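For reference, the structure is listed below as structure tokens.
The values are calculated or read from the model by the stated rules, or taken from the named source; none is laboratory data. What you are looking at is a predicted structure, and each value in this text was computed from that prediction instead of being measured. Cβ coordinates were reconstructed from backbone atoms using ideal geometry, including for glycine residues, and neighbour counts include every protein chain displayed.
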Amino acid sequence: MTKTRYIWLKNPDNLTGSQQLRLSELEQLNLKINRAYLLKEAFRGCWDYRRPAWAKRYLDKWFRWATHSRLEPMRDFAWMLRRHEEDLMNYFRSPISNGTVEGLNNKAKVTFA
């Protein structure tokens, strides 16, 4: 498991050839970290939906998988999403992010610091 942190955290599309090979070897070991990785990657799939009802259906399935994963951090994350479900669904109703504002704030902080 040493030196594999970034393999688990990186977007699979951005892995180098050797990292992809290492990841496939690690996945065959069927470790808890692999279950967490699969849950993480499955959660990324929810952002592909454009309709709130479809996204909700997907998140409900993901929630069931996460809460039955026997991984305490994933269960906690799933329940946190459930508590904020209405706010999360608002993104699918109006997909606006505050990334631009955060970027401008950061530039202002760097400029005036």
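Results, tabulated for the structure shown:
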{"read-out": "Hits in the stretch 1-56 (condition: assigned to a loop (DSSP other than H, G, I, E, B), polar (S, T, N, Q) and surrounded by 14 or more Cβ atoms within 10 Å (Cβ to Cβ))", "value": "THR4"}
{"read-out": "Any hit, the stretch 48-59, residues being within 11 Å of the chain's Cα centre (by Cα), at pLDDT 95 or above and under 26 Å from ASP13 (Cα atoms)", "value": "no"}
{"read-out": "Residue tally, condition over 17 Å from LYS32 (Cα atoms), in a helix (DSSP H, G or I) and hydroxyl-bearing (Ser, Thr, Tyr), over the stretch 62-97", "value": "1"}
{"read-out": "Test: TRP47 is aromatic (Phe, Trp, Tyr) and free of Cβ contacts under 8 Å to residues at least 12 places away in the same chain", "value": "yes"}
{"read-out": "Residues located in the stretch 23-73, provided they are under 12 Å from MET89 (Cα atoms) and of a type in the set (Gly, Ala, Ser)", "value": "ALA53, ALA55"}
